[in-house]
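Notes to accompany the following structure.
The values are calculated or read from the model by the stated rules, or taken from the named source; none is laboratory data. Owing to the predicted nature of the structure, the values given are computational and were not obtained by experimental measurement. FYI the Cβ positions are ideal-geometry reconstructions off the backbone, even for glycines, and counts take in every protein chain you see. For the accessible areas, the whole protein counts, side chains as well, though only heavy atoms, and no ligand, DNA or RNA atoms are used. Shrake-Rupley method; radii C 1.70, N 1.55, O 1.52, S 1.80 Å.
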Amino acid sequence: MAGLPAPGPATPMAGADLSELLGALDADASLVQRHIWLIALFQWIRGDGRSAAAAAGRVDILLDVVDVRPQLAEHLRAWWQVLLDTVDEATLLSDYGFASRNAFISELMERLHRKLLPATPETVDAAELFSLVLPSPVDALWIEALSPATLERLAALLTAPAVGQPEHAPRALTQWQASLIEGITFCTSHIRAVGFSPEIRVRMSTPARASSPFHTLGADFEALRDAWWATLQDPQVNPQVDTQADPALHEAALARLNDATVQFKAKLEACRQAAASVYTHLDAHGISMDLVFRLRQLRARVLRIRALLDCLVSDTPLTHSAKLIANLARVGQEQRSLGALVSSNTSLLAAKVAERSSETGEHYITRNRAEYRAMLGHAAGGGALTAGTTALKFAIMAVGLSAFWTGFWSGVMYAASFVLIQLLHFTLATKQPAMTAPAMAAKLKDISDPLAVESFVDEVTHLVRSQFAAVLGNVVVVFPVALALSAVMQAALGRPMIDAATANYVLHSLSLLGPCLLFAAFTGVLLFSSSIVAGWVENWFVLHRLDSAIRYNPAITRALGTARANRWAHFMRQNISGLAANISLGFMLGLVPAVLAFLAVGLDVRHVTLSAGQLGAACASLGWDVVYAPALWWAVASIPLIGVLNVGVSFYLAFRVALTAHNVSGLDRTHIRHAIWQRLRRAPGSFFWPAPEPQLLPKPEDA
């Protein structure tokens, strides 16, 4: 397993039986040999790693052997004390599992190093040693499976007095309890530092900032610590104290501890709520991945403090201690996982993109016949302009540039065409799904409401119907306009838009018998990618308040004038997402195939509207005889499927990201799919045509 020292002379105890391990126990051994012995001991406990119950049973066997050999128990306690003096438990308890910064690449490289490079047991870092000792997923399970009786025996064997504590600390304090106190102190300091940071403080709600729970969090913990220390001096709580028990003092000490615990937990919750108020500001003014990362770290630190606190003041501290160590073992597994890192950053990206895209996507959804007809009209305009885009694409290809420059200028032309379609308020069908999916997922925030799913299915029918109208309007218009444009070029220039050889190539490239459906699905991925770019750019624009800067910056208002600066600010705020989506999509459609061809990856793009325009140009070039060619009908058959894959793939990917952003569970997703399938069976036509609007009956007095 990666991270463990390789078997051989450096690890002579690897695979040893219990008697050999106990015979090799030596508190005076070097640091590395002590750590190797500890790793080997846990390997023996773990066994083959298949059964947590068997591993827990081996712990009992170890304790049975130690119980009948008092000298071995003394040697083990001496060895344990040396280990505690060598490593810092408090840092492990407070910081293990927390990333120091939100940097995906550096964290990815660090995890790759942990996976691929062997780690050394020659370390004084408790976190590194912990990862070497408990590297297996079964470790957390067998630690949780330890019985209360076994935990009592372990505590009796390994409990050591605290050293190096303040003078006012109780003499009965153990090293484990001191480490817990230190761990809570470190986590509390981190929470206060985050709460006092200017980036967080300025974005808190006014009530949260005014109440300022972070100011007194440290003092509340000190009060809790002192109250808990006082109970350690109580003979009824701690039998090691050689004084006479006083029932009144005992009750008073427990009452103070209970009050201090309640106060500290309440202050922790107030800090968490104050930090959570920052999310409201982020939703309105743009999401910073760094701030979201720090807020999540703060919440995780609050949870860690609660776990550490349970190990101190609960009625079952040993059980909670075992649970804490098991959880740290799981955290170590997650810290080594590349999938967990990608998932975490994906959720951050989802939160960053989905909220912005959901605002943009709302106006692409039609809900009645009037909006449906308007969508058909806008799509028809987009189809007409795309016919011109098709002609320009063939013109660029005719120049005979290299593959890269052909792709580059095709990207420039696509981007300009898509931006023109946006500015004229026309519609390009396949751009919609990636924008509308977040708008749909935003309606699932109240998924627990029984009516929410039915309302969501209504929105799905509206969306599918809108996509159908947009694709229909694009394709029905782009084909005849491409034919007409080719005829005009034939009359004016004496040649059609493309020659016969190119026309035949177009027919075969669009054939259902070829890989065009794979290319159509790949184009759906590019469409989704453009929505990610759009959401990121809009969030960046809003986060940095660039619309306000354009409107009020003195240098800009002097250059443009106040009225024009206001118009520019309004225009950019309304259109920045669409501009980013259109420009990025244009360059991806043009450049990505060229780059992939250079890398010997045979992927191309198939966009339904552009493909229909190319098919129209091919038919114009080949004349009426083309209707007798089977290649034409195979190409015609592929057009609707290209549209389905363009729309379906991009919508599916965007919807998955949006569901991640809104934390919709797998069970809820199954419920949603079932509800959509029921609607499709019950009313399939509602997904394509709007239902007639109900007629209002005249009032009796109006008759």
Exposure of THR120 as accessible area (Å², to 10), given a probe of 1.4 Å and all protein chains: 70 Å²
Jot down the radius of gyration and Dmax of region 545-652, Cα atoms only, both in angstrom. 22.1, 68
Around THR174, which amide H atoms from residues at least 5 apart in sequence, or from another chain, sit under 5 Å from its own amide H, with H modelled in the peptide plane? ALA162
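Once you order the gyration tensor axes a ≥ b ≥ c over the Cα atoms, which shape class does region 485-596 get: rounded for a/c under 1.5, otherwise prolate or oblate by comparing a/b with b/c?
Details: a/c = 4.58, a/b = 1.90, b/c = 2.41.
Oblate is the answer for region 485-596, as a/c is 1.5 or above yet b/c matches or exceeds a/b.
Using a Förster distance of 35 angstrom, determine the FRET efficiency expected from the C-beta separation of ALA398 and HIS113, and round it to 0.05.
Working: r = 51 Å, r/R0 = 1.47.
Computed FRET efficiency for ALA398 and HIS113 comes out at 0.10.
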For region 70-75, Karplus-derived ³J(HN,Hα) couplings (6.51, -1.76, 1.60; θ = phi - 60°; whole Hz; x for glycine and proline) come out as x, 5, 5, 4, 5, 4
Just the accessible area per residue of region 111-188, please: how many Å² with a 1.4 Å probe? 49 Å²
Once both labels are modelled 7 Å past Cα along the beta-carbon direction, what's the SER212-ARG373 spacing in nm? 6.3 nm
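Could you calculate the FRET efficiency of LEU158 with ASN258 from 1/(1 + (r/R0)^6), where r is the beta carbon distance between them and R0 is 30 Å, rounded to 0.05?
On the way: r = 29 Å, r/R0 = 0.97.
Computed FRET efficiency for LEU158 and ASN258: 0.55.
What shape does region 21-105 take by its C-alpha gyration tensor, where a ≥ b ≥ c are the square roots of the eigenvalues and a/c under 1.5 counts as rounded, a/b above b/c as prolate, and the rest as oblate? Show your work: numbers first, answer last.
Details: a/c = 2.41, a/b = 1.45, b/c = 1.66.
It is oblate, given that a/c is not under 1.5 and a/b is not larger than b/c.
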Starting from the Cα gyration tensor of region 119-204, take the square roots of the eigenvalues, sort them a ≥ b ≥ c, and report rounded, prolate or oblate (rounded when a/c is under 1.5, otherwise prolate if a/b is larger than b/c, else oblate). oblate
